[in-house]
Amino acid sequence: MNTPKGLKYAKTDEWIKVEGDQAVIGITDYAQDQLSDVVFIEFLIDEDDQVSKGDALATVESVKAASDVNFPASGTVTAINEALIDEPEVINNDPYEDGWMVKIKLDDPSELENLMDAGDYESYNEEREG
Amino acid sequence: MFTPHTKNEIKEMLKVIGVDTIEDLFEKVPEKHRFPELDLPEPLTEMELAVELNEISSANAPADDFISFLGAGAYNHYIPAAVDMLLRRGEFYTAYTPYQPEISQGTLQSIFEFQSLMTELTGMDVSNASHYDGATAAAEAANLAYHFFRGKRNKILVTRAVHPQYRETIRTYMYGLEDVVVFGDEEQAGFSPDLQNTLDQIDNNTALVVVQYPDFFGRILDYTKLIEIAHARGALVCMVFNPTALGLLKPPGEFDVDIAVGDGQPLGIPLSFGGPYLGIFTIKEKYVRKLAGRLVGETVDEEGQRAYVLTLTAREQHIRREKSTSNICTNQGLMALAATVYLSLLGKKGFKQVANLCYQKAHYAAQKISKLEGFELAFPDTPFFHEFVIKTPKPVFEMNFHLQNHWVLGGYDLNQAYPELEHHMLVAVTEKISKQDIDDFVLALQEVTND
């Protein structure tokens, strides 16, 4: 399972990467693997929406389940990756680059300190796998 | 077969939850309410019970004992005997999609055929496997629109000429959803055929506009402009249709509506005192992820043979939980089969013929009645299908009461649902009514007026 360094990870399997005053959000390689083939994504927010940590940002539907993707931090939505609506399989193929979902302007960058780093997330996954 | 739990199993389960007896589970209910004394009559034997039930049921009279001009949403059409015969086959005789659906390929295929027939009938892209009835299908349309806009548009606009019970059901389904208002059908809104009142109220908070075609009064209105305006303001449009009328009229799909729903009862389902009926629910493909209910798709199995599956199930409540559009995960399987058999038996030509007969006979009746002294058509300048409104010289309930002595069921008393429509009778005419029946009805109307 691919878990790039330099990203922060939430227990609900989202990653967040800080780029200047913005942060990019997507789901992890582990999450896409668990979901299996993603066939549909529905964004539940619009640009300029004020969002809080834990709010749902999208519903991702695979051949076997539909799951919510949540904001790992609070902020204002600045971009939505609408290309995924036509090509949801990108979420499986490239979860950390082309498979990004939204960008937000963070309310409080220190909020990310409560999230896991790559090493913690890997051990968290190992624990879950038993 | 029903297999009850054994004493040991019950003991085991109680142990897991951590209580000693089943009674302990009800401790929170105040003691005096726990085992209330019920004031019930003494038990009866099976034979005594049969006598009593027969007495009760003999108070009902089947529509076929009368010449019936009663419609208002449920219509007395002829049902070929083969419909019932096929329906009662053991292989089909269940009300629902099975819980292990793919093992019942025949059931799924029949639902797939139903869906195909409904899309052909309506000109829409997708049909689900059905709902309970037309009213709940209309309410699901409101649900769909609400979820499509993720709650950001909160107005459901309905015209006063939509079936009163459908409007009531939409309100029931919307009850409790934050901020949602169902409006536009107040008495002062009226039901002018130019629809101006409705047009004026469509704004960028309108999620859905609901219109009926033909409307509750049987009128055929042109909704082209309304649909254009609704779409220009970003709202969705739901058309409630009568399936028989689509044998003659331009289908909802050609009006570019987003959702088209209707009651499938006229398609081979008996009146049976009000149910079970059949909700038809069709949409443009764009809304398929928000579609409520079951959906059957055609595919191939691993040997390349045609096979049917439940598809897009991730929309449904058992997977999406509280995020799903609807809590409906079932369909009206047996009634959908009835409609499928009915349409297959009639074929395109027969179905059009039924629609045409309804139309012609209704127009003959309207013409005859409007010539009676004291009677006139309420909407003489608006085209209608097989139902029309006449103004009567006496209260409708009074006339209907006397008409029963002539073995005639008069039309629906519009005053029941419309306080402003005193002395207005909604008359329905189907292909089952003969010219003689109409002439007898006209005579009877004259007689009860002079009584």
Rounded to 5, percent antiparallel among DSSP beta bridges of the protein assembly as shown: 75 percent
Prolate/oblate/rounded label for chain A (Cα gyration tensor, a/c 1.5): oblate
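What do you get for GluC sites (Glu not before Pro) in the stretch B:45-117 restricted to DSSP loop and a cutoff of at most 13 other Cβ within 10 Å of the site's Cβ? Working shown, then result.
Numbers: sites: B:46, B:48, B:52, B:55, B:91, B:102, B:113; in loops: B:91.
Of the GluC sites (Glu not before Pro), the ones in loops of the stretch B:45-117 whose Cβ has at most 13 other Cβ atoms within 10 Å are B:91.
Over 27 Å between Cα atoms, which of B:155/B:284; B:286/B:323; A:5/A:53; B:225/B:250; B:250/B:391 qualify? Don't skip to the answer; put the middle values down first.
On the way: B:155/B:284 21 Å; B:286/B:323 18 Å; A:5/A:53 22 Å; B:225/B:250 15 Å; B:250/B:391 29 Å.
Beyond 27 Å: B:250/B:391.
In the stretch B:81-341, what % of DSSP beta bridges are antiparallel (nearest 5)? Provide the component values of the computation, followed by the final result.
Numbers: 13 of 30 bridges.
Expressed as a percentage, antiparallel bridges in the stretch B:81-341 total about 45.
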Footprinting exposure proxy for B:240, B:296 (fewest neighbouring C-beta atoms within 10 Å first): B:296, B:240
GluC sites (Glu not before Pro) lying in DSSP loop within the stretch A:1-103, provided at most 14 other Cβ fall within 10 Å: A:47, A:82, A:89, A:97
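Rounded, prolate or oblate: pick one for the stretch B:1-132, where a ≥ b ≥ c are the square roots of the eigenvalues of its C-alpha gyration tensor, a/c under 1.5 means rounded, and failing that, prolate if a/b is larger than b/c, else oblate. Kindly include the intermediate steps, with their values, before the conclusion.
On the way: a/c = 2.47, a/b = 1.43, b/c = 1.72.
It is oblate, given that a/c is not under 1.5 and a/b is not larger than b/c.
What longest region of chain B stays clear of trypsin sites (Lys or Arg not before Pro) that DSSP places outside H, G, I, E and B and that have at most 15 other Cβ atoms within 10 Å?
With trypsin sites (Lys or Arg not before Pro) excluded where exposed in loops, chain B gives B:234-370 as its longest stretch.
Considering Cα pairs under 8 angstrom that are at least six residues apart, work out the relative contact order of the stretch B:81-341 and quote it in whole percent. Display every interim value, and only then the final one.
Details: 534 pairs, mean separation 76.1, N = 261.
Value for the stretch B:81-341: 29 percent.
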Dipole axis of chain B (+1 Lys, Arg; -1 Asp, Glu on Cβ), positive-most option in B:418, B:14, B:169: B:169
Neighbour net charge for residue A:54 - beta-carbon separation under 12 angstrom, K R +1, D E -1: -2
Counting all C-alpha pairs of chain B, share separated by more than 28 Å (%): 58 percent
The stretch A:72-130 and the stretch A:50-64: distance between their alpha carbon centers, rounded to Å: 11 Å
Summed residue charge, Cβ within 13 Å of residue B:134's Cβ, Lys/Arg positive, Asp/Glu negative: -3
Straight-distance crosslink candidates among aspartates and glutamates, where the alpha carbon sits under 19 Å from residue B:349 and sequence neighbours closer than 8 are dropped: B:113, B:120, B:431
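Subtract the Cα-Cα distance of residue B:394 and residue B:57 from 0.36 nm times their separation in residues, and report this length gain in nm to one decimal.
Details: separation 337, 0.36 × 337 = 121.32 nm, distance 3.11 nm.
Additional length available on full extension: 118.2 nm.
Are there GluC sites (Glu not before Pro) in the stretch B:153-218 that DSSP marks as loop and that have at most 14 other Cβ atoms within 10 Å, and which are they?
Working: sites: B:168, B:178, B:186, B:187; in loops: B:178, B:186.
Loop-located and lightly packed - B:178, B:186.
Given Cα pairs under 8 Å that are at least 6 residues apart, what percent is the relative contact order of chain A?
Working: 266 pairs, mean separation 39.2, N = 130.
Once normalised by length, the contact order is 30 percent.
Classify the stretch B:116-250 from the C-alpha gyration tensor, please: rounded if a/c falls under 1.5, else prolate or oblate depending on whether a/b exceeds b/c.
Numbers: a/c = 1.42, a/b = 1.15, b/c = 1.24.
Rounded, because the longest to shortest axis ratio a/c is under 1.5.
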The stretch B:55-103 versus the stretch B:366-409: alpha-carbon centroid distance in Å: 28 Å
Alpha-carbon centroids, the stretch B:272-331 and the stretch B:143-212: separation in whole Å: 25 Å
Sequence-distant residues sharing a close amide H with residue B:68 (under 5 Å, placed H): B:409
Farthest toward positive dipole pole in chain A [+1 Lys/Arg, -1 Asp/Glu at C-beta], among A:35, A:124, A:72: A:124
Peptide A:62-70, shielding by other chains (average Cβ, 10 Å cutoff): 3
Chain B, relative contact order [Cα under 8 Å, separation at least 6], %: 20 percent
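Please report the antiparallel percentage of DSSP beta bridges with both residues in chain B, rounded to the nearest 5.
Working: 23 of 42 bridges.
Taking every DSSP beta bridge with both residues in chain B, the antiparallel ones total about 55 percent.
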Trypsin sites (Lys or Arg not before Pro), loop per DSSP, at most 14 other Cβ atoms within 10 Å - longest free stretch of chain A: A:65-130
About the Cα centre, charge dipole magnitude for the protein assembly as shown (Lys/Arg +1, Asp/Glu -1 at Cβ), debye: 1700 debye
CD proxy at 222 nm, helix term only [per DSSP H run n ≥ 4: -39500 (n - 2.57); per residue of chain B; nearest 500]: -11000 deg cm²/dmol
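FYI, it's all coordinate maths here, none of it is from the lab. Quantities reported herein were computed from a predicted structural model and do not represent experimental measurements. Quick reminder, even Gly has a Cβ in these numbers, built from the backbone with ideal geometry, and neighbours come from all protein chains shown.
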